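Inspection log for the structure reproduced underneath, given as structure tokens.
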Amino acid sequence: MKKKYQIREAVQEFGIDEQRVVHYIRNEWIAPVEPARLDEEDIARARLIVDLQEVFGVNDEAVPIILHLLDQLYSWQSVKH
Amino acid sequence: MDPYVTLGVSRTATQNEIKAAYRKLAKKLHPDLNPGNKVAEKQFKDVSAAYEILEDPVKRAKFDHGESEPDQGGARQGPSKQGPFYYETQRGGGGRYTQSFDEDLFKNFGDLFGRARAEPQEDLRVYRMEVDFKDAVLGAEREVTLPEGRKLQIKIPPGVESGQKLRLKGFGEIELHVRESPVFHRNGRDIEIEIPVSLSEAILGAEIRVPTVDGAVLLKIPPSSNSGTRLRIRGKGVGASGLRGDEIVTLTVVLPETTDADLRDKIAEWSLTHSYNPREKLENTS
């Protein structure tokens, strides 16, 4: 089984803000399989959202659209390979 | 590595200029926007490492005085510390978040690309699941109980069809069976429905309530709408929000159950001066 992190552990190890993580889960931008237990995918996705907001200046409205498009892109790539 | 050169800023650049330069480069080079592009990824790491030095006045001053060589470790730099980029967790069809798209893509393009998924042969059991017509159209999340008593949250992507399978990591597959609807019929991304209208509604026009999978909506029937007239309600068809097909309404003109004397007499009178032959085309072709 892949390693899972409590939100607090994820916050410590990856330096993501706890309130952000909670906000992301509430908005269903990340959807942990078990409640409040993040796996590698959830953490990587949360960090991408942090970059989108902090570096790219994306607002809350646009975050789900960008995630949706990226997920489609990645799934396309995995089909082509 | 000179962080000033990497970010393309002068040694006297303000913090705001540095931030702006970093953001501009990061937008272009971010690995999640350039999945698999190793050159961009390397540049992004360099740019992030450079920014980490210059954004921090203490580190910047140290560098300016030649006190420390910035480390160029392979680990991801920048605001967050280590671990894979998001795209790396999703590639090869290995990610949860991209899986819902796989079903659609598999259906539409699987043959084209002759996809050979190197799926590890895990315990491949096939379960069966009944899906409501509406859930299949709009997508839904449902809890299912496996025969062995285990409960699972299943995400049904919008637009699934009977026979489609959802992969469940570690459990096997679920084959979906979509229940028919007594009123709606699916035709690709559109939903078709037949709506009866009265004689007067057909002739004079009307605004009537029409069911859709999202609930009833008002539909304008233009005057002189014959049986077979097709009207389109945009965005009430199959698919994810924003990408949905339409609902196609086909009208059927229905006479009153009993024809009263009033109607009979008026029509008789009308037909004396207004005869028409709806079978004209038929007769001409035979």
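Counting only strands (runs of 3 or more DSSP E) that fall entirely inside the range B:125-165 and contain at least 1 residues that are farther than 19 Å from B:TYR97 by Cβ, touching a strand residue (DSSP E or B) at 6+ places or on another chain (Cβ under 9 Å) and among the acidic types (Asp, Glu), the qualifying elements are B:125-131, B:140-145.
The single condition among (1) modelled with pLDDT under 80; (2) over 26 Å from B:GLU41 (Cα atoms) that B:GLY163 does not satisfy is (1).
As a summary of the residue check, B:VAL197 satisfies the conditions (1) in a strand (DSSP E or B); (2) within 31 Å of the chain's Cα centre (by Cα) except for the one numbered (2). Here A:GLU61 meets the list (1) surrounded by fewer than 14 Cβ atoms within 10 Å (Cβ to Cβ); (2) at the interface with chain B (Cβ under 8 Å from one of its Cβ atoms) almost entirely, failing just condition (2). Out of B:ALA13, B:ALA50, B:ALA61, B:ALA40, one residue alone is of a type in the set (A, V, I, L, M, F, W, C) and within 35 Å of the chain's Cα centre (by Cα). It is B:ALA40.
Run A:LEU69 past the list (1) of a type in the set (A, V, I, L, M, F, W, C); (2) surrounded by fewer than 16 Cβ atoms within 10 Å (Cβ to Cβ); (3) facing chain B (nearest Cβ under 9 Å) and report the number of the one that doesn't hold. Result: A:LEU69 fails condition (3) only.
What do you reckon, is A:GLU13 among the acidic types (Asp, Glu) and more than 10 Å from chain B (Cβ to nearest Cβ)? No; evaluated as a whole, the condition is false for this residue.
Counting the residues of the range B:52-76 that are at pLDDT 85 or above, of a type outside the set (D, E, K, R) and touching a Lys or Arg at 6+ places or on another chain (Cβ under 8 Å) gives 2. For the residues A:ALA36, A:ALA44, A:ALA31, the requirement of being among the small types (Gly, Ala, Ser) and touching a Pro at 6+ places or on another chain (Cβ under 7 Å) singles out A:ALA44. All of B:VAL253, B:VAL249, B:VAL183 fail the test of being hydrophobic (A, V, I, L, M, F, W, C), at pLDDT 95 or above and within 30 Å of the chain's Cα centre (by Cα), apart from B:VAL249.
What's the total number of residues in the range B:26-67 that are crowded, with 16+ Cβ neighbours inside 10 Å and farther than 20 Å from B:ASP2 by Cβ? Summing the residues that are crowded, with 16+ Cβ neighbours inside 10 Å and farther than 20 Å from B:ASP2 by Cβ in the range B:26-67 gives 8. Just to be sure before I move on: is B:GLN90 modelled with pLDDT under 90, in a helix (DSSP H, G or I) and under 23 Å from A:GLN53 (Cβ atoms) in the structure I sent? So B:GLN90 fits the description; yes.
For the range B:1-52, filtered to residues that are part of a helix (DSSP H, G or I) and closer than 17 Å to B:GLY83 by Cα, the residue that is farthest from the other protein chains (Cβ to nearest Cβ) is B:LYS42. Can you pull out every residue in the range A:1-10 that is under 13 Å from the mean Cα position of the chain (by Cα) and within 13 Å of chain B (Cβ to nearest Cβ)? Scanning the range A:1-10 gives a single hit, A:ALA10.
This table checks each residue for (1) hydrophobic (A, V, I, L, M, F, W, C); (2) assigned to a loop (DSSP other than H, G, I, E, B); (3) more than 22 Å from B:LEU231 (Cα to Cα); (4) not assigned by TED's automatic domain parsing to the domain that holds B:THR259.
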{"position": "B:GLU173", "(1), (2), (3), (4)": "no, no, yes, yes"}
{"position": "B:ILE191", "(1), (2), (3), (4)": "yes, no, no, no"}
{"position": "B:ILE203", "(1), (2), (3), (4)": "yes, no, no, no"}
{"position": "B:GLU207", "(1), (2), (3), (4)": "no, no, no, no"}
{"position": "B:VAL213", "(1), (2), (3), (4)": "yes, yes, no, no"}
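Can you spot a residue in the range A:16-28 that is over 12 Å from the mean Cα position of the chain (by Cα), within 11 Å of chain B (Cβ to nearest Cβ) and over 28 Å from B:ASN16 (Cα atoms)? Checked against the condition, which is being over 12 Å from the mean Cα position of the chain (by Cα), within 11 Å of chain B (Cβ to nearest Cβ) and over 28 Å from B:ASN16 (Cα atoms), the range A:16-28 yields no hits at all. Can you find a residue that is over 25 Å from B:TYR22 (Cα atoms), free of Cβ contacts under 8 Å to residues at least 40 places away in the same chain and facing chain B (nearest Cβ under 7 Å) anywhere in the range A:43-52? Checking the range A:43-52: not a single residue is over 25 Å from B:TYR22 (Cα atoms), free of Cβ contacts under 8 Å to residues at least 40 places away in the same chain and facing chain B (nearest Cβ under 7 Å).
The values are calculated or read from the model by the stated rules, or taken from the named source; none is laboratory data. Model, not experiment: these values are computed from the prediction. All Cβ positions, even for glycine, are placed from backbone atoms using ideal geometry, and neighbour counts span all protein chains on display.
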